[in-house]
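K.L.:
There's a structure below that I have some questions on.
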């Protein structure tokens, strides 16, 4: 009996997710100041991961991960960047590694299909070598950071425990001040 071998051990369905903490928050990194914070994981975050995963491939359905990007803001420095610029270094490395493996698997399948359809050819000129399946996993997400509620968009963020300054909304950039001293200082500047 002839058994077909697909890709790096497939065919299979793989649920590729970035790690979230127990409350459903996903770590992000500002591309300007490189400080870390967390946002609630949404469908958009998953689509951004898919977009980065498919970036190195020349797949025919890249349109599934292609849509206009919006802009987001750093809670610390207020810097703005497009939606797809907020991955941490570990998340980028994980998604880039899986994307490179995906490209190798697609290439293997294309070459293996030619070999399978030319099975009666006794002397093939090329034999595809099956790629190794990536063993990298998304890093686990610890339950850390301080939760803050933002009134402008009704969202919550997690910021560094040691952060004492104002916090900007990740979605709209509105500045929020927390703590009695911060509000008093701002009122004295205004009056």
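K.L.:
Could you run through segment 36-63 and say how many residues are within 15 Å of residue 90 (Cβ to Cβ), out of contact with any strand residue (DSSP E or B) (no Cβ under 6 Å at 6 or more places or on another chain) and either in a loop (DSSP other than H, G, I, E, B) or modelled with pLDDT of 95 or more (or both)?
P.N.:
Within segment 36-63, residues that are within 15 Å of residue 90 (Cβ to Cβ), out of contact with any strand residue (DSSP E or B) (no Cβ under 6 Å at 6 or more places or on another chain) and either in a loop (DSSP other than H, G, I, E, B) or modelled with pLDDT of 95 or more (or both) number 0.
K.L.:
While we're looking at this one, here's another question. Criterion first (at pLDDT 80 or above, more than 26 Å from residue 26 (Cβ to Cβ) and either surrounded by 13 or more Cβ atoms within 10 Å (Cβ to Cβ) or in contact with a strand residue (DSSP E or B) (Cβ under 6 Å, 6 or more places away or on another chain) (or both)) does residue 85 satisfy it?
P.N.:
So residue 85 does not fit the description; no.
K.L.:
So residue 13 clears everything in (1) part of a loop (DSSP other than H, G, I, E, B); (2) at pLDDT 85 or above; (3) over 13 Å from the mean Cα position of the chain (by Cα) except one condition, right? Which one?
P.N.:
(2)
K.L.:
Looking at segment 67-94, which of the residues that are part of a helix (DSSP H, G or I) and in contact (Cβ under 8 Å) with a residue 60 or more places away in the chain is farthest from residue 139 (Cα to Cα)?
P.N.:
Looking at residues that are part of a helix (DSSP H, G or I) and in contact (Cβ under 8 Å) with a residue 60 or more places away in the chain, I get 89.
K.L.:
Kindly list the number of the only condition in (1) surrounded by 14 or more Cβ atoms within 10 Å (Cβ to Cβ); (2) assigned to a loop (DSSP other than H, G, I, E, B); (3) modelled with pLDDT of 90 or more that fails for residue 157.
P.N.:
(2)
K.L.:
Pull out all pairs, ordered by first then second residue, where Cβ-Cβ is under 9 Å, the residues are six or more apart or on different chains, the first lies in segment 101-119 and is on the phi < 0 side of the Ramachandran plot and surrounded by 13 or more Cβ atoms within 10 Å (Cβ to Cβ), and the second is modelled with pLDDT of 75 or more and assigned to a helix (DSSP H, G or I).
P.N.:
102/53; 102/54
A quick yes/no check of all residues on (1) farther than 14 Å from residue 76 by Cα; (2) touching a strand residue (DSSP E or B) at 6+ places or on another chain (Cβ under 8 Å); (3) modelled with pLDDT of 75 or more; (4) in a loop (DSSP other than H, G, I, E, B):
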{"site": "104", "(1), (2), (3), (4)": "yes, no, yes, no"}
{"site": "116", "(1), (2), (3), (4)": "yes, no, no, no"}
{"site": "119", "(1), (2), (3), (4)": "yes, no, no, yes"}
{"site": "126", "(1), (2), (3), (4)": "yes, no, no, yes"}
{"site": "135", "(1), (2), (3), (4)": "yes, no, no, yes"}
{"site": "139", "(1), (2), (3), (4)": "yes, no, no, yes"}
{"site": "152", "(1), (2), (3), (4)": "yes, yes, yes, yes"}
{"site": "164", "(1), (2), (3), (4)": "no, no, yes, yes"}
{"site": "170", "(1), (2), (3), (4)": "no, yes, yes, yes"}
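The values are calculated or read from the model by the stated rules, or taken from the named source; none is laboratory data. Since the model is a prediction, treat every value here as computed from it, not as a measurement. Don't worry about glycine lacking a Cβ; one is built from the backbone with ideal geometry, like all the others, and counts go over all protein chains shown.
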